[in-house]
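Below is one structure, written out as structure tokens, with a few remarks after it.
The values are calculated or read from the model by the stated rules, or taken from the named source; none is laboratory data. Note that the structure is a prediction, hence the values are computed from the model and not measured. Here the Cβ is made from the backbone with ideal geometry for all residues, glycine too, and neighbour counts use every protein chain on show. Heads up: the accessible areas ignore ligands, DNA and RNA and are worked out on the full protein's heavy atoms, side chains in. Shrake-Rupley method; radii C 1.70, N 1.55, O 1.52, S 1.80 Å.
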Amino acid sequence: MPPKRNTKSSSKPIEDESIEIVNWIDKLNKAIDDLSESRTSTREESLEIIVSTFACHRVFSHIENRLEEILTLLKKSLVKNNSVKEACLAAKAIALTFINLDHLSESEGDDLYRKMLNSLRNKIKDCEDIDIKISSLQTLALITYIAASDIDKQLVRNYIFDLIETDGAEFNVEELSSQDMDRLLCEAARAYGLLYAASFTSGFVNFDVLWEEFEKVMPVHEIMLESSDKDNRIASGENIALMFETVNIFLTSNEDEEEDDDDYNTVKPEYDNMDGLIYTLRELSVDSNRHRAKSDRAEQKSVFRDIIKSVEENIKPVEELKINGRILTFRGWAKIIPLNAFRRCLGQGFQYHVKVNPMMKEIFRYSTGFSSRHQQFDSDDSDDEIGFNKSSLSNVDRKFLYDENKKARTKQIRNARLGKENPPVY
């Protein structure tokens, strides 16, 4: 007699999965409800659940009908001043809420963004606690990148640059230690780089406006390269590389497009202190200062080797992510700097959102073929680098792709011209 098959064990994973889904949804809803509780410790516990759940799950369909309520409660937790922990968790939860936004129109996203804007700006400027300042700064930069209009991106970028340029003169930093001040300036530099990428690597970009910004902010970034803080030096160096990368995309493609025009006679813009900048970047790429920790020197040298290659040789760095056996390639500082901002916010949930979050795919223009239901990659995905959707590319992205494929494209054009001008004789 054949042994009985154990059908119970085969169905258990499905039952467990359903129970787990119900459990985290119920837990999340209770945490949201508890944000209105009067006890600070209860709100802190609720915020920890919300942050963890928003980072590790796709929650939009479960919070869509409560978005305004949730953001209102999070804003209250941010501004209450009851505890540093509550304010920092609330700021992070606001950022994660925006990362989880699906299927909202630009106007809807902008409306939600404006509800948060002033509270975050006020916390950065007026709050005395460094952790709240930094958390609010990280969130302001990220939600501006995600949901703000072009003009708001410019205004917030200028606001953050003012913090950097003046060493926080109008940002209530008198009581901060030098170490805390370094932390604030480092986060401000990262935020500025993220918003520079938002303004000058997507949509229509006017080169004159780009160059004006470049000349305005570059001297301040050069000063930051001399900082005693390693993270400050790296953040400013990465921003410098991003700015040169963006400028070079324009200059290189314009040069290629007009190389056959004998009447074309213009002077390329050049940065005034190029020699001094190159010298500083080279020194940082081979730093052997014994007063610095060995691990800090190693990290700095690794990053600045990529930075000097970008500035001096127009070579773009490459970062690869391995997701379920598939490698996604992100090329250039314009992709890597925003990617790192999302990584810092999402933490352990970063790879999950790379797999399933449609907004991440739209921002970075890749296709994983990943289905949240089947949890696998489709085999018929495009082989293009990170699945670029060329029909949605901005003028900067088009110039970027033109630069990357210049040699092959030039060869094809020349062959086509030869074929037209010298048709074969039969």
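The residues listed here are D180, D162, D152; of these, the one that is open to solvent by less than 20 Å² (accessible area, probe 1.4 Å), out of contact with any Cys (no Cβ under 8 Å at 6 or more places or on another chain), part of a helix (DSSP H, G or I) and of a type in the set (D, E) is D152. Looking for something farther than 25 Å from F350 by Cβ, among the small types (G, A, S) and open to solvent by 20 Å² or more (accessible area, probe 1.4 Å) - is there at least one such residue anywhere in the range 51-69? Scanning the range 51-69 turns up no residue that is farther than 25 Å from F350 by Cβ, among the small types (G, A, S) and open to solvent by 20 Å² or more (accessible area, probe 1.4 Å).
A residue that is in a loop (DSSP other than H, G, I, E, B), within 22 Å of A141 (Cα to Cα) and within 21 Å of the chain's Cα centre (by Cα) occurs somewhere in the range 204-212.
Would you point out which residue out of K123, K92 is open to solvent by less than 30 Å² (accessible area, probe 1.4 Å) and of a type in the set (K, R)? Let's see the steps before the verdict.
Working: K92 fails: open to solvent by less than 30 Å² (accessible area, probe 1.4 Å).
Sole residue among the options that is open to solvent by less than 30 Å² (accessible area, probe 1.4 Å) and of a type in the set (K, R): K123.
Which ones in the range 232-268 are among the acidic types (D, E) and modelled with pLDDT under 85? Result: E255, D256, E257, E258, E259, D260, D261, D262, D263.
Considering only residues in the range 91-113 that are part of a helix (DSSP H, G or I) and over 20 Å from the mean Cα position of the chain (by Cα), the one that is nearest to L155 (Cα to Cα) turns out to be D111. All conditions but one from (1) crowded, with 18+ Cβ neighbours inside 10 Å; (2) polar (S, T, N, Q); (3) free of Cβ contacts under 8 Å to residues at least 40 places away in the same chain apply to T201; the one that does not is (3). Within this structure, Y271 fails the test of being over 16 Å from E212 (Cα atoms) and either at pLDDT below 80 or surrounded by 15 or more Cβ atoms within 10 Å (Cβ to Cβ) (or both).
Taken over the range 53-68, the criterion of being in a helix (DSSP H, G or I) and touching a helix residue (DSSP H, G or I) at 6+ places or on another chain (Cβ under 8 Å) is satisfied by T53, F54, A55, C56, H62, I63, R66, L67, E68. Within the set of pairs 6+ apart or on separate chains, which have a first residue in the range 157-173 that is farther than 12 Å from C186 by Cα and of a type in the set (A, V, I, L, M), a second that is at pLDDT 95 or above and open to solvent by less than 50 Å² (accessible area, probe 1.4 Å), and C-beta atoms under 8 Å apart? Correct list of pairs: V173/M181; V173/L184.
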